[in-house]
Amino acid sequence: MERVRSEQLYTEAKEHILGGVNSPSRAFKGVGGGTPVFMKRGSGAYFWDEDDNKYIDYLGAYGPIIAGHAHPAITKAIQTAAENGVLYGTPTKLENEFATKLKDAIPSLEKVRFVNSGTEAVMTTIRVARAYTGRDKIVKFAGCYHGHSDLVLVAAGSGPATLGTPDSAGVTKNIAKEVITVPFNDIDAYRETLEKWGTEIAAVLVEPIVGNFGMVEPAPGFLQQVNELTHEHGGLVIYDEVITAFRFMYGGAQDYLDVYPDMTALGKIIGGGLPIGAYGGRADIMEKVAPLGPAYQAGTMAGNPASMSAGIACLDVLAQEGVYEHLNNLGERLETGLLRLARKHHVKCTVNRVKGALTLYFGTETITNYDQADATNSEQFATFFKAMLDQGINLAPSKFEAWFLTIAHTEADIDQTLEAADLAFAEVAT
Ligand code: PLP
């Protein structure tokens, strides 16, 4: 497959845009380097690049595009919003409509606020938790990504009950001291952490189903125990549902798993592809936020009519009968096919899948935490990724990302993907 235009555009991009990309995950660093593909059009489950090559897309823009590219109802909602003016700086009826929809779908959101990204949403939940509890420290789980605000760019210390170290230049040691990182699915490590720091911990930040070291489900009872232990010690539980909300059902992963946090951060899918974030939770906690309370949070673009309209339209699409069944059926077909082909080519693999989201891990049999995901075979993933791309299958360029199905994918798309995977596994095996 020729990608001459992408090569030219990437050379040009690197002259003007830092690193040639506006988000590091778009560079091909995670697959041993290469030229990112410059896409020019998306429709349904497909992309066309600047050289007019067609791809079946499983990136889904890192999650938001669950309805497929340029879904007609979402496109129409955005067009209508644009015609009416995209930004007012005043409240609008759309915000009420969307907030109500979110609350109906995710009942733990007694009050919500719209922001512009998942990063902002998570960052603000932490501030609000600190304002509510009067405490400073937070706990997060290793390998979970919660956006790029300072506090969550902190890696684990040397043991579960040690304080973190900065994961990015520019994050100060003092900030890192406020964060404790614990292995996911390790309730003993979490208990130990609370025994040591419990009276100082404002909140624990949890991806209820992890989406950032592949798809990893919580062990039975893990989230319930996290809730109990946290509350016993006077802290709050924050779910980062930026990836998971509306991914597995019309509602949050919390509704899917039937275990509920004090506060939730949202993003991605709820914007229908436009920039968005939202946070919410118990009314008594949310009342700490300005203008009612002392914790400040604001935004020029927050709740803008275009994002609200796209989000409402997207949720209306997802509320339709059969949507999640379709995603699950396709996911099952893809998982079964990938595992069959891996066996055929004697490539050791495992698939973690929740409904229409899955991750294929190389060189392993079980993934329940970040260390295991980190230890999977990066070279095999890179070979597989490139072989798939050259056959017109667009995956995320990182072994830690999920494949996201959209409602636009068909069984024929899955079968075509599996034909490509047959060759890709053959390359991995050589
Ligand atoms: N939280 C999770 C779980 C995410 O996966 C992401 C982004 O990938 C974020 C937060 C940050 O969201 P955004 O990129 O919209 O700032």
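The values are calculated or read from the model by the stated rules, or taken from the named source; none is laboratory data. In this text, all values refer to a predicted model and were calculated from it rather than measured experimentally. Here Cβ is always computed from backbone atoms with ideal geometry, including for glycine, and neighbour counts include all displayed protein chains.
Consider region 116-175 and keep the residues that are modelled with pLDDT of 95 or more, more than 23 Å from the chain's Cα centre (by Cα) and outside any helix (DSSP H, G or I). The one that is nearest to the ligand (Cβ to nearest atom) is Lys137. Looking only at region 207-240, filter to residues that are outside any helix (DSSP H, G or I) and more than 16 Å from the ligand (Cβ to nearest atom); which one of those is nearest to Asp186 (Cα to Cα)? Applying the filter and picking the extreme gives Ala219. Within region 51-58, is there a residue that is over 30 Å from Lys399 (Cβ atoms), within 19 Å of the chain's Cα centre (by Cα) and not in a loop (DSSP other than H, G, I, E, B)? No: region 51-58 contains no residue that is over 30 Å from Lys399 (Cβ atoms), within 19 Å of the chain's Cα centre (by Cα) and not in a loop (DSSP other than H, G, I, E, B). Looking for something under 30 Å from Ile78 (Cβ atoms), buried (at least 19 other Cβ atoms within 10 Å of the Cβ) and of a type in the set (D, E, K, R) - is there at least one such residue anywhere in region 203-210? Yes, there is a match, as at least one residue in region 203-210 is under 30 Å from Ile78 (Cβ atoms), buried (at least 19 other Cβ atoms within 10 Å of the Cβ) and of a type in the set (D, E, K, R).
Restricting attention to region 80-115, the residues that are more than 27 Å from His148 (Cα to Cα) and not in a helix (DSSP H, G or I) add up to 7. Look at region 303-321: where a residue is at pLDDT 95 or above and a partner is among the acidic types (Asp, Glu), sitting 6+ places away or on another chain with Cβ atoms under 8 Å, you get Gly303/Glu95; Met308/Glu95; Met308/Glu97; Ile312/Glu97. Just one of the listed residues (Ile74, Ile66) is more than 16 Å from the ligand (Cβ to nearest atom), in contact with a helix residue (DSSP H, G or I) (Cβ under 9 Å, 6 or more places away or on another chain) and closer than 27 Å to Trp403 by Cα, and it is Ile74. So in region 242-270, with the set limited to residues that are closer than 23 Å to Ala73 by Cβ, touching a strand residue (DSSP E or B) at 6+ places or on another chain (Cβ under 8 Å) and not aliphatic (A, V, I, L, M), which one is surrounded by the fewest Cβ atoms within 10 Å (Cβ to Cβ)? Only one residue fits best here, namely Phe248.
Taking every residue in region 342-363 that is under 15 Å from Asp374 (Cβ atoms) and pairing it with any residue that is in a loop (DSSP other than H, G, I, E, B) and of a type in the set (Val, Ile, Thr), at least 6 positions away or on another chain, the pairs with Cβ-Cβ distances below 6 Å are Thr350/Thr364; Asn352/Ile367; Tyr361/Ile367; Tyr361/Thr376; Phe362/Thr376; Gly363/Thr376.
Here's the yes/no breakdown for (1) more than 21 Å from the chain's Cα centre (by Cα); (2) away from the ligand (no atom under 16 Å from the Cβ); (3) not acidic (Asp, Glu):
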position	(1), (2), (3)
Gly271	no, no, yes
Lys288	yes, yes, yes
Pro291	yes, yes, yes
Ala295	yes, yes, yes
Gly322	yes, yes, yes
Leu327	no, yes, yes
Glu332	no, yes, no
Gly337	yes, yes, yes
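Take the conditions (1) at positive phi; (2) more than 13 Å from the ligand (Cβ to nearest atom); (3) part of a helix (DSSP H, G or I); Ala61 misses just one of them, which is (2).
Scanning region 375-430 for residues that are farther than 23 Å from Arg247 by Cβ and outside any helix (DSSP H, G or I) returns Ala375, Asn377, Gln391, Gly392, Thr430.
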